[in-house]
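No value in this document is a laboratory result; all are computed from the given coordinates. If you're wondering where the values come from, they're calculated on a predicted model, not measured in any experiment. Every residue, glycine as well, gets a Cβ built from its backbone with ideal geometry; the counts of neighbours run over all protein chains shown.
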Amino acid sequence: MSNSIVQTLPSDASNNVPAKTATANEIQEWIVDYLAELLEMDSDEVETDVPFDRFGLDSTAAIGMTGDLEDWLECRLDPTLLYDYPTIESLSGHLATA
C-alpha cells in the first residue's frame, strides 16, 4: 500500500482506477447531507467553512463519517483526514483532486 492519504480500490481485477469519481461539489453535498442527518438539522444550516469540531463530532462520529465517505467514494481514506482537512470545503477539495 502507498503512503498517500487516498488509496483507491480497484474497480476490477485488471486496473487500479477509482470505482467512483466525484467533483468537489458532489463530495461537499454528500458531507453536508450526512452531517445534517447526523445532527438532525437542515442541510442549509451546515456551514462548509467552519471546522468539523464546531459541529460537535467526537472521534467515533468522525471515523464513522470517514468510513461512510470511503464506501460512497469506493476508495480507502485515512481516518485522520478530518484533522488534516478540518472543514467541509477543504476536505471535499482535497478528495476531488486526490
message = Going by what's in this entry, would Ala36 be described as assigned to a helix (DSSP H, G or I), surrounded by fewer than 17 Cβ atoms within 10 Å (Cβ to Cβ), touching a residue at least 12 places away in the same chain (Cβ under 8 Å) and of a type outside the set (Ser, Thr, Tyr)?
response = no
Long-range neighbours under 9 Å by Cβ, at least six apart or interchain, first residue of a type in the set (Gly, Ala, Ser) within segment 66-80, second surrounded by fewer than 17 Cβ atoms within 10 Å (Cβ to Cβ) = Gly67/Pro79
remark   = Within segment 46-98, residues surrounded by fewer than 16 Cβ atoms within 10 Å (Cβ to Cβ) and aromatic (Phe, Trp, Tyr) come out as Trp72, Tyr83
key: Single condition Tyr83 does not satisfy, out of (1) closer than 15 Å to Ile27 by Cα; (2) of a type outside the set (Val, Ile, Thr); (3) without any contact (Cβ under 8 Å) to a residue 24 or more places away in the chain   = (1)
request  = Collect the residues in segment 39-74 that are assigned to a loop (DSSP other than H, G, I, E, B), among the charged types (D, E, K, R) and more than 22 Å from Ala96 (Cα to Cα), keeping them in residue-number order.
outcome  = Glu40, Asp42, Asp58
